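Everything below concerns the one structure shown next.
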Amino acid sequence: MLKLSQKADCCGCGACAQACPKKCITMIPDSEGFLYPAVDADSCVNCGICEKVCPVLKNAKPESDDVLAFAAYTPDAELRENSSSGGVFSVLAHEILRRDGVVFGAAFAEDLSVGHVMVEKSEQLSRLRGSKYVQSRIGDTYRQVKELLEQGRTVLFTGVSCQIAGLKAFLRKDYENLWTVDVLCHGVPSPAVWQQYCREQEAKRASKLERVRFRDKRTGWRSASIAMDFSGGEAYCQRNATDPYMRLFLSDICLRPSCHSCRFKDVPRLSDLTIGDAWGIEKHMPELDDNRGTSVVLVNSEKGKVLWETVAPALVSRQGEVDTLLPKTADSRKSVKPHPNRSKFFVALSQGATVEQLCKLTRRSWYRRLLSFGKRTIKRLLRK
């Protein structure tokens with residue numbers, strides 16, 4: 001029977017629930033809104049399959065240490081504008097669909113919760129395009145992927161690194177017709193916080209929230225905004241640095257416990273390709289920066305290299321050093337520390353605090369502000 005010594009040992013991928021032959025494992029949200037496996041002990045036959053497919057317990061390692069790094073973007077201006085960074089995901093997805101394949105990724109549901117879905121047509125890719133800053137429910141997509149692979153279909157599966165690790169552990173063998181792409185992630189916030197924020201926004205306007213874009217580029221790529229459209233015709237657009245929900249996310253106060261001890265941020269990754277924002281590109285490759293979005297791409301496997309070489313001619317790209325395009329200090333390469341007020345945050349959330357009220361808990365104490373000011377001052381003096 002699957003036993004977790006602490007919640008930080010579970011990334012919520014759901015591989016155990018999908019692999020259980022007796023279907024006695026259910027993913028249930030805890031008091032913080034994160035999904036964890038609950039086992040029906042009466043139905044469990046102690047087959048041990050759940051432990052064999054747990055990516056944390058499996059602790060799989062990449063096959064190779066060789067990683068190639070590129071900065072890239074699509075020359076299609078409209079596609080790039082509607083993408084979080086440089087539009088590389090869409091180019092990869094179009095190639096898989098061209099081969100009569102299918103693509104899996106995170107999409108908004110009608111209630112604006114986020115879950116993984118499958119698409120088979122290019123016109124459906126808009127559902128998967130763009131960042132979703134909330135943990136996506138995997139549902140039964142690992143099982144769907146396996147069935148399609150066994151039928152000989154080509155599959156592209158995208159997700160954050162722990163979800164890719166979960167899929168590979170679930171499959172328990174390699175498939176030549178599977179490509180995996182992980183999206184750079186510093187942590188996943190609680191779906192409960194996101195749902196509350198949506199309800200509050202709807203209550204303010206007495207109107208249903210119909211569409212969300214976490215990385216709207218009307219204010220530029222580096223200073224992106226969260227944009228919302230409501231059924232009554234009203235629109236909301238606020239820079240991510242000032243929007244209440246994004247402030248909570250960026251402060252790391254509402255992340256899943258496993259994000260503070262992530263096992264899947266090492267380079268190379270278990271995925272074939274890694275994609276994300278090429279932050280700092282204006283310093284390293286200014287010719288690839290126009291503040292409209294540039295992607296960093298890591299090629300982690302031979303299969304990934306083959307796919308990358310296929311799509312690269314359709315992109316504006318340039319090779320660089322891994323540690324330059326994705327520094328070791330980046331939050332997507334190391335676990336982020338839990339916010340000191342994390343426990344207080346979730347207690348306040350359970351007691352009905354609004355998102356605006358919860359934002360007050362992100363403020364650092366006078367001692368931490370003073371310490372940070374002192375460190376910045378010393379660094380400036382040393383540079384002089």
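The values are calculated or read from the model by the stated rules, or taken from the named source; none is laboratory data. These numbers were taken from a predicted model, which means no experiment stands behind them. Heads up, the Cβs are rebuilt from the backbone with ideal geometry, glycines too, and the neighbour counts pull from every protein chain shown.
Tabulated data for the structure shown
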item: Answer residue from region 257-278, given it is farther than 18 Å from C10 by Cα and hydroxyl-bearing (S, T, Y) and is surrounded by the fewest Cβ atoms within 10 Å (Cβ to Cβ) among those; result: T274
item: Residue within region 154-161 that is among the hydroxyl-bearing types (S, T, Y), under 27 Å from P244 (Cα atoms) and touching a Pro at 6+ places or on another chain (Cβ under 9 Å) present; result: no
item: Where S258 falls short, out of the listed (1) more than 20 Å from R129 (Cβ to Cβ); (2) part of a loop (DSSP other than H, G, I, E, B); (3) among the small types (G, A, S); result: (2)
item: Lone unmet requirement of (1) of a type outside the set (S, T, N, Q); (2) outside any helix (DSSP H, G or I); (3) modelled with pLDDT of 95 or more for E202; result: (2)
item: All positions within region 219-256 that are surrounded by fewer than 17 Cβ atoms within 10 Å (Cβ to Cβ) and of a type in the set (V, I, T); result: T219, T242
item: Qualifying residue in region 288-307 (condition: closer than 24 Å to E81 by Cα, part of a loop (DSSP other than H, G, I, E, B), in the same structural domain as V183 (by TED's automatic domain parsing) and among the hydroxyl-bearing types (S, T, Y)); result: yes
item: Given (1) free of Cβ contacts under 8 Å to residues at least 24 places away in the same chain; (2) within 15 Å of V145 (Cα to Cα), index of the condition E110 fails; result: (2)
item: Residue match in region 114-130 (condition: touching a strand residue (DSSP E or B) at 6+ places or on another chain (Cβ under 7 Å), more than 27 Å from F170 (Cβ to Cβ), touching a residue at least 24 places away in the same chain (Cβ under 8 Å) and surrounded by 23 or more Cβ atoms within 10 Å (Cβ to Cβ)); result: no
item: Test result for E51, in contact with a Cys (Cβ under 9 Å, 6 or more places away or on another chain), charged (D, E, K, R) and at pLDDT 95 or above; result: no
item: Flag if F89 is touching a His at 6+ places or on another chain (Cβ under 9 Å) and surrounded by 15 or more Cβ atoms within 10 Å (Cβ to Cβ); result: no
item: Filter result (among the hydrophobic types (A, V, I, L, M, F, W, C), in a loop (DSSP other than H, G, I, E, B) and in contact with a helix residue (DSSP H, G or I) (Cβ under 8 Å, 6 or more places away or on another chain)) within region 327-347; result: V336
item: Residues of region 146-169 that turn out to be part of a helix (DSSP H, G or I) and either surrounded by fewer than 24 Cβ atoms within 10 Å (Cβ to Cβ) or among the small types (G, A, S) (or both), as a count; result: 10
item: Cβ pairs under 9 Å, 6+ apart, first in region 315-339 and over 18 Å from T294 (Cα atoms), second among the aromatic types (F, W, Y); result: H339/F345
